[in-house]
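What follows is a set of notes on a single structure, which appears directly below.
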Amino acid sequence: MLARLVLPSSLAVVVAVFFIMSEPAPARAGMDVPGGVFHITRVVECPIAVPDGVVVDCGALVVPEDYEMPDGTTLRLPYIMLRSRSADPEPDPLIFTAGGPGYSSLDSVWMFADSRLLDDRDIIIFEQRGNRYAEPALTCDPSVWWEETQGHTPCLDAIRARAIDISQYTTHNIVRDVVALREALGYEQWNLYGSSFSTLVMLLVMDADPSGTRSAILQSVRPPNETTFAHEADSPLRAIEQMFTDCAADDHCAASYPDLADDFFALVRRLNTEPVEVEIESSTVGGPFPLDMDGDRFIDWVAVDQLYGPVFPHYGAAYLPLLIDEVGRGNARPLEIAAQDARNAYIEDPNWAWGLMLAISCQQDLPAAGTSRPEADLAASDRLGGFARTTTQREICAAWDLAPLPPAGTDYVRSDVPTLVLAGSYDPVTPPIWSRTTAEHLTNSTYIEFPGRGHDVTSDNPCAAMLEALFMADPMTELDTSCVEISPGASFVMPDDVYRAPGLAQSGEEISLGSAGGVAWIEAVVFVSVYGTFFVTVILVVVGLVWLARTRRRTAHIADRTALIAYTLASLAALATIAVWVLIDQVIEHYAGWGDLAFSLGPSRDLASARLLAWISPLAGLVILALAATVTWAWIRHRWPIGFRVLTTIGALCSLAMVMLGVRWDLFTMLV
């Protein structure tokens, strides 16, 4: 933020590095396969920017839209191949494709660029048919999301207007595409890596192409015979109740939140009865526009969404007990942030092809779930106040009215391919029992469940990274899993762990000089405060140096001792104001990587910049108020030279601007 304040017109330089360093493995272009023809095309420029320091090849797999019509419409499915850091890499690369369904894979190049798996072998990142960088892509205008359930289907109509056969966008055809990619690139074997929905894809690849599969890593497994439509309430409830159990087992947490479960269910009931209206921004619909945060949205967009990540600070899940307490006391700010985050992540994220997600959900997953929900799911829904996570998807599927297609599967996959299965105890979407039961049906599997982890098992998890590397080096070796026992488990943020300054989180939203957003009058005040304070500081330093020089020559004369007091106060006020702006900048930058929801509840007391800000802000306020009083007295009494009065007045006004915003942002109550 400070850089934007000092240089509001700073340039943003974006450098995209695209290159091909070496020829990839021989491709068998145009190879005939039963029911279809596919081939590889090479490209010089990758579809996205890639990290510096890695060598990549980029290309695309060209496949039939309908494998039963090999001479018909074709699809172009991009891939990025990261070349191994080894001078003599293993002959079998690792293939990764993302989950969803509907989330783009290619941005994962940034994650795998630093992976230990790249030490020994190449890594191929493959874009599924229908995703963002595929041709064609089943992306839809985010502005029509709300309209898709109101009696017409603009997204589906737009897909069909492009002559896309939506019935060919299925899990089975994605599996055929993955197998086709291995054969087209000429690899005898490779290793599979799947996460969430793509674990289903990789399980079916293992089953369809066992001789071409050396090993597999599966994170947060979705088995072929399970679907979230049949577990839209009981899976989230299981994870939420795990939070209640872990908090009750911790003395500090139990003391801070003695009635956590009761408070949670009471809050859900209250929000369902009296939803809180929040305002969110939209880059497509415009805004701000109102949205009711009811109990269902609180469960989905707050509780479930935060449990995707680890359950320890400073990840959002660790703040859930505090958040439940705060919202229960009437603090609606976290609800507004959660609604905005959900809008950004699930509807307006350009990497999300929700046309593909709905194609698979409506044609395969929902029909497989059947017309009636299981009793366990209905019981969980009743406990959660009628919560059903897929209500909107069901409504859209009803509007789309697509013919049902065969499900992904009806049983667990049985295979002897060596497989490492990873799960998180808090996963609210693909519960650990799915991963554990999947592993039990695989002859050569290792199942590892991490406590305190959600749907994303491997984020910030060095133990998982080490185990993946050891497994990939020798899939048949017995892994030493002792690091799991010392990995951080669930831990929660207590009320006295944070400074209660919810307003501070607003500062990052209200100041965005040099970029879109922000509040104009606040940005103007900040601009004046920063530049005015900087100007006064420079002048005061010059005046001080001149005074010291004259003092050494014994020619100094102080006509009014109060001027020296004013000079001292003005100098301290200027330095304190600059210090406060720098510390605000550091706090905001720290939380930029953790998310606004946690920040909205107050910065951590463990953060050095937050501690300094908590102490310096009230001291700065006292000095600034003393300066303002002294300057006011000088104008009334006509003391000091006019130039000095003007200078100290400018300094006082610029510093008072910081005080005004400090009150708005709760800076002076952080210690309370």
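Just so you know, all these numbers are worked out from the coordinates, no wet-lab data involved. Please read all numbers here as calculations on a predicted model, not as lab measurements. Cβ placement follows ideal geometry from the backbone for every residue including glycine, while neighbour counts extend to all protein chains displayed.
May I ask you to derive the relative contact order of the chain, considering only C-alpha pairs under 8 Å and at least 6 residues apart, and to give it as an integer percent?
14 percent
Between residue 245 and residue 119, how many nm apart are label points set 7 Å from Cα along the C-beta direction?
For residue 245 paired with residue 119, the spin-label model returns 3.6 nm.
Using DSSP to call loops (not H, G, I, E or B), can you name the GluC sites (Glu not before Pro) in segment 170-237 whose Cβ has at most 15 other Cβ atoms within 10 angstrom?
Listed in order of number, the matching sites are 188.
How much FRET efficiency would the formula 1/(1 + (r/R0)^6) give for residue 612 and residue 265, where r is the Cβ-Cβ distance and R0 is 45 Å, rounded to 0.05?
Computed FRET efficiency for residue 612 and residue 265: 0.65.
Under a point-charge model restricted to the Cβ atoms of Lys and Arg (+1) and Asp and Glu (-1), what is the dipole moment magnitude of the chain relative to its Cα centre, in debye to the nearest 20?
It comes to approximately 4040 debye.
Subtracting the Cα-Cα distance from 0.36 nm times the residue separation, let me have the gained length for residue 141 to residue 43 in nm, one decimal.
Taking residue 141 through residue 43 to full extension adds about 32.5 nm, to one decimal.
Residue 255 to residue 158: extension gain in nm, 0.36 nm per residue of separation minus the Cα-Cα distance?
29.4 nm
Any idea what the relative contact order of segment 228-377 is, in percent, if you count C-alpha pairs under 8 Å spaced at least 6 apart?
27 percent
Need one word for segment 229-400: rounded, prolate or oblate. Basis is the Cα gyration tensor (sqrt eigenvalues a ≥ b ≥ c); a/c below 1.5 gives rounded, then a/b vs b/c decides.
oblate
If you average the C-alpha positions of segment 401-475 and of segment 53-129 separately, how far apart do those two centres end up, in angstrom?
If you average the Cα positions of each part, the centres end up 20 Å apart.
Where does each of 443, 630, 391, 199 land when they are ranked from fewest to most other beta-carbon atoms within 10 angstrom?
443, 391, 630, 199
Given charges of +1 on the Cβ of Lys and Arg and -1 on the Cβ of Asp and Glu, with all other atoms neutral, how large is the dipole of segment 190-276 about its Cα centre, in debye to the nearest 20?
My answer is approximately 420 debye.
Along the charge dipole of the chain, Cβ charges K/R +1 and D/E -1, which of 592, 167, 86 sits furthest on the positive end?
About the Cα centre, the residue reaching furthest to the positive side is 592.
For segment 504-669, what is the relative contact order in percent, using Cα pairs closer than 8 Å and at least 6 residues apart in sequence?
So the answer I get is 35 percent.
Pop the C-beta distance of residue 167 and residue 545 into the FRET formula with R0 = 56 Å and round what comes out to the nearest 0.05.
Given R0 = 56 Å and the Cβ-Cβ separation, E is 0.10.
Kindly put 42, 129 in sequence by how many other C-beta atoms sit within 10 Å of each C-beta, fewest to most.
42, 129
Would you please name the GluC sites (Glu not before Pro) within segment 398-491 that are DSSP coil residues with at most 16 other C-beta atoms within 10 Å of their C-beta?
Counting only loop positions with at most 16 other Cβ atoms within 10 Å, the GluC sites (Glu not before Pro) in segment 398-491 are 478.
Please give the charge dipole size of segment 504-669, origin at the Cα centre, charges +1 on K and R Cβ atoms and -1 on D and E Cβ atoms. Round to the nearest 20 debye.
1280 debye
Among the complete DSSP H segments of the chain, which ones combine at least 27 Å of alpha-carbon extent along their axis with a mean Kyte-Doolittle hydropathy of -1.0 or more?
The qualifying helices are 520-552, 561-591, 608-637, 642-664.
Order the peptides 617-626, 500-509 from the highest to the lowest mean number of other Cβ atoms within 10 Å of their residues.
500-509, 617-626
With volume of the Cα convex hull per residue in Å³ as the read-out, I listed (i) 162; (ii) 177; (iii) 192; which label goes with the value calculated from this structure?
(iii)
Would you order 314, 252, 638, 455 from fewest to most other beta-carbon atoms within 10 Å of each residue's own beta-carbon?
638, 252, 314, 455
7 Å from Cα along Cα→Cβ at both residue 663 and residue 68: what's the point-to-point distance in nm?
Inter-label distance under the simple model: 7.3 nm.
Specify which residue in the list 410, 441, 117 is farthest towards the positive end of the charge dipole of the chain, using unit charges on the beta carbon of Lys, Arg (+1) and Asp, Glu (-1), about the Cα centre.
117
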